[in-house]
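Laboratory data are not the source of any read-out in this text; all were calculated from the coordinates shown. Note that the structure is a prediction, hence the values are computed from the model and not measured. Cβ coordinates were reconstructed from backbone atoms using ideal geometry, including for glycine residues, and neighbour counts include every protein chain displayed.
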Amino acid sequence: MATRVRPSSKRCAVIGGSGFLGRHLVEKLLDRGYSVSVFDIRQSYELPGVTFYQGDLCDKQALLAALKDVSLVFHCASPSPASDDRALFERVNIQGTQTVIQSCIESGVQRLVLTSSASVVFEGTDVKNGREDLPYAKKPIDYYTKTKIEQEKLVLKACDKQKGFLTVAIRPHGIFGPRDPQLVPILVDTARRGKMKFIIGDGTNLVDFTFVENVVHGHILAAERLRADSPICGKPYHITNDEPIRFWDFMSQVLVGLGYPPPRYHLPYSLVYGLALLLWLLSVLLSPLISFKPTFTPMRVALAGTHHYYNCKRAKEDLGYTPVVSLKDAIARTVESYPHLRCEA
Ligand SMILES: NC(=O)C1=CN([C@@H]2O[C@H](COP(=O)(O)OP(=O)(O)OC[C@H]3O[C@@H](n4cnc5c(N)ncnc54)[C@H](O)[C@@H]3O)[C@@H](O)[C@H]2O)C=CC1
Ligand SMILES: CC(C)CCC[C@@H](C)[C@H]1CC[C@H]2C3=C(CC[C@]12C)[C@@]1(C)CCC(=O)C[C@@H]1CC3
């Protein structure tokens, strides 16, 4: 009878490893002595010690090739929330995640760490110090969030100690840092178009923004503690900077750091939300004729005008997590990393 060789526990794969979070995770895993395979639909860099597999995670055969002899998998691939493409989210985040789980099981992968999102409980209304036992959003605010909920449920349900397949989900919130293609670039683009003059609501709403290195730290702690006898199997964990900040103070600090004026004038939240909803509806109705993507989507307005910060006590207790970079240092390092986005005037 052929004996199955147990893959080395230091051999891992990062699905979505070409992305913002994925690449930071790959770099830290290499530092920690892991050998890393990246599976992604695109290859965005080259690094010694990394083997790239280019493919779609919905393609099982392509995935099986990348997971050969791998014992630990990080799944941090997703279409960008900005794509607002329902069919794509469903195909990649739901069907694709099912394919990831099946491929892991068939390849003998022992541990799967999913990058979920704290937004799985967010319905567009205040979440203050939210714990992991909050129910999933019944009316998710967009298709991205709806499919992130299904994705997390699939991965956590697949955890099976008997079969030796262990899973855990990390729920970060508002990831930022060097090379982020989303938060700072969208903010600067909005400022350059003269649209960052207004504060939505009274400006006192508290939000978590999480430095990418803290998110990476949470993922690695979870992976290294994921054993059959640990309490973390099949559970979700909030990972934040644990320093909620006023949404508009955070935006202002980034803008001022890059040489742009901070927003000053207030607009009522319900007015802006209503307008965003109307614009979104128009963009859907007119999509056969013209294509336009509004900057102020209902999701962004809700995120900008409500409290949404999360308690990460469970991660502290079970994973031994504490943020490794403070918010102040994180903002300074992020601002420094975008010299090309500085205000030229
Ligand atoms: N950026 C944020 O603020 C937050 C992100 N997340 C989650 O973190 C994860 C990583 O996000 P980011 O690094 O910000 O996004 P990103 O867009 O930079 O990276 C995602 C990667 O997934 C890859 N990908 C997409 N579809 C694929 C497919 N069908 N097959 C293979 N690869 C595919 C992309 O090519 C990309 O490299 C995602 O799961 C996202 O939902 C969760 C909370 C907050
Ligand atoms: C135009 C301005 C009002 C806002 C500019 C900044 C926004 C682009 C970002 C502020 C909060 C961010 C955020 C996400 C994306 C970028 C922001 C909207 C997520 C939706 C990314 C994916 C998630 O899982 C949740 C994030 C919440 C915070």
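Is region 137-276 best put as rounded, prolate or oblate by its Cα gyration tensor, with a ≥ b ≥ c the root eigenvalues, rounded for a/c under 1.5, and otherwise prolate when a/b is larger than b/c, oblate when not? Prolate, since a/c reaches 1.5 and a/b exceeds b/c.
Which of 92, 48, 70 sits closest to the plus end of the dipole of region 39-98, meaning its Cα is farthest towards the positive end, when Lys and Arg get +1 and Asp and Glu get -1 on the C-beta? Highest projection toward the positive end goes to 70. Think of each Lys and Arg Cβ as +1 and each Asp and Glu Cβ as -1; about the Cα centre, that makes the dipole of the chain roughly 320 debye.
Across region 169-274, C-alpha contacts under 8 Å between residues 6 or more apart give a mean separation that, scaled by the residue count, equals a relative contact order of 42 percent. Here the simple spin-label model places points 7 Å from the Cα toward Cβ, and for residue 266 and residue 287 these points are separated by 3.6 nm. Once divided by 2.2 N^0.38 Å, the Cα radius of gyration of region 55-128 becomes 1.27. Taking the C-alpha atoms only, the angle from helix 96-107 to the longest principal axis of the chain is near 20 degrees.
Spin-label model, residue 161/residue 90: points 7 Å from Cα along the beta carbon direction are separated by 3.7 nm.
With a Förster radius of 41 Å applied to the C-beta separation of residue 131 and residue 98, the computed FRET efficiency comes to 0.90. Dividing the radius of gyration of the alpha carbons in region 193-326 by their Kirkwood radius gives 1.09 for Rg/Rh.
Pull out a ≥ b ≥ c, the square roots of the eigenvalues of the alpha-carbon gyration tensor of region 163-207, then state rounded if a/c is under 1.5, prolate if not and a/b is larger than b/c, and oblate in the remaining case.
Since a/c reaches 1.5 but b/c is at least a/b, the shape of region 163-207 is classed as oblate.
For region 245-345, the residue among 334, 280, 252 whose Cα projects farthest onto the positive side of the dipole built from Cβ charges is 280. Note on residue 342 and residue 31: the model spin-label points, each 7 Å out from Cα along the C-beta direction, lie 2.6 nm apart. Between region 210-250 and region 70-127, the C-alpha centres lie 16 angstrom from each other.
Could you pull out the trypsin sites (Lys or Arg not before Pro) across region 140-235 that fall in loop regions by DSSP (anything but H, G, I, E, B) with no more than 14 other Cβ atoms inside 10 Å? Of the trypsin sites (Lys or Arg not before Pro), the ones in loops of region 140-235 whose Cβ has at most 14 other Cβ atoms within 10 Å are 161, 163, 193, 195, 197, 227. The C-alpha atoms of the chain occupy a region whose extents along the principal axes are 73, 45, 39 Å, arranged from largest to smallest. DSSP beta bridges fully contained in the chain are about 10 percent antiparallel.
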